[in-house]
1. State the extension gain, in nm to one decimal, for the chain segment bounded by residue 87 and residue 307, taking 0.36 nm per residue of separation less the distance between their alpha-carbons.
2. Quick one: Cα centre-to-centre distance for the range 32-85 and the range 211-247, in angstrom?
3. Pop out the carbon and sulfur fraction of the accessible area of the chain as a percent, whole number, probe 1.4 Å.
4. Extending each Cα 7 Å along its Cβ direction at residue 374 and residue 115, get the distance between those two points in nm, one decimal.
5. Which percent of Cα-Cα pairs in the range 288-408 sits in each 5 Å bin, short to long?
6. Roughly how many debye, to the nearest 20, is the charge dipole of the range 40-150 about its Cα centre, given +1 on each Lys and Arg Cβ, -1 on each Asp and Glu Cβ, and no other charges?
7. R0 = 41 Å: FRET efficiency of residue 397 with residue 147, Cβ-based, nearest 0.05?
8. Using the beta-carbon distance between residue 34 and residue 281 and R0 = 51 Å, what value does 1/(1 + (r/R0)^6) give for FRET efficiency, to the nearest 0.05?
Amino acid sequence: MPLIKSWVESANSAETDFPLNNLPYGSFVTEEGETHCGVAIGDMILDVTAMETDGVLLAEDDTDEVFFFGEWTDFMGLGPAVWASFRDKLTTLLGEENGDAPELVKYLVPQAGTEMAMPFAISEFTDFYASKNHATNVGTMFRGPENALPPNWLSIPIGYNGRASSVMISGTPVRRPWGQLKGPNDALPRFAPCARFDLELEMGAIVGQPSDDMVSVQQADDMIFGYVLLNDWSARDIQAWEYQPLGPFQAKATATSVSPWIVTKAALEGFRTSTPERERELLPHLVEPGPMLYDISLEVGLAPEGKDETIIARTNYNEMYYSSAQQLAHHTTSGCPMNVGDLLGSGTISGPEKHQRGALLELSWGGKEPITLDTGETRSFLEDGDTLSLRGAALGDGYRIGFGECVGQILPAKSDPFGTA
Ligand code: MN
């Protein structure tokens, strides 16, 4: 599909993340301090809440107040037919041909300088471990090359139940956590600030329809509303001490950042791609009936405080071994109900090459091979003041379906909270 032109000129640029082909959904804070639903178009935001209030644009006929509280949760609950018809309405309203444009100009707000808010109420957060390169690298470091991939890995999308309470919108600073760390040899463990704080480059899938029974991989794909960039901040020293036998707990509980714009499945349709060839046959209920991954180019930037950014990794979402649809289908097999607003982290996305690794743990090989930034500084893990930026886009012919940015700056740990360290 070519670029669809809009009367919003900035949306017709090959560089914008938000052409008319994209139409991602977000929430923003108005000049009056209210949170409204908005759609990104070029360098502007279309104020959907104000349009609903004025009766100019409704989610569907005879519904109102879907957008009143400035979140997309209720809209997601209306289901795929409404998702499609609403997108059609937006495409017509914002299309080049629309003669009503002058009446819509008052609903446009510049993105620059506008504060974004969480676009939906996060029901629960589950994080997976679905890139074979990442799992092999981390397993090699933690358990040695012979035991790198656990025996279940090629059959199950491995995951853990994370925390919805610490999922935050891009731009929110992240404070370095305290935690229990392994002591040297047989010495007692220590309670201290994390010294190996890390990022994880991931995609987040947003569940837009509920389930109370097992679903197929196709049904799971139909339930997904859209995708965001996701940074699963990780405390590697806490993780190394705590993770056996029940998996990560405090190491992953501090913060998870998400990009502010939900890029819908509809916008990504032309960029679908299949998971790689299976190295072991999957059980039938986890087999993909069609392509359910996406070709999304991804990059990670690291800027030391007050200094220029270095791109420390470039990879692609198509590197994953399992799709979000497979992960969601697997999630439901226990009888676990899924809700509108459930967030599924893809797992760290790492390609086969060293510069394609989506975490500092892998890039610096556990701290043994620090990376050198363009400023000349080195990094094994994150330093206080560092700003991490994830970016991503599906690249079309003359346009991009962009995700914007997922940004977070590291704040220093609190000073000795109990006076016992
Ligand atoms: Mn993760």
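The values are calculated or read from the model by the stated rules, or taken from the named source; none is laboratory data. Predicted model only: the values in this text are computed from it and were never measured. Using ideal geometry, Cβ is built from the backbone for each residue, glycine included, and neighbour counts are taken over all protein chains shown. For accessibility, only protein heavy atoms count, side chains too; no ligands or nucleic acids. Shrake-Rupley method; radii C 1.70, N 1.55, O 1.52, S 1.80 Å.
1. Length difference between fully extended and current span is 75.2 nm.
2. So the separation of the two Cα centres works out to 28 Å.
3. The C+S portion of the solvent-accessible surface of the chain is 51 percent.
4. 3.1 nm
5. In order of increasing distance, the bins hold 2, 9, 17, 19, 17, 14, 11, 7, 3, 1, 0 percent.
6. Computed about the Cα centre, the dipole is about 880 debye.
7. Once the sixth-power term is evaluated, E becomes 0.35.
8. 0.45
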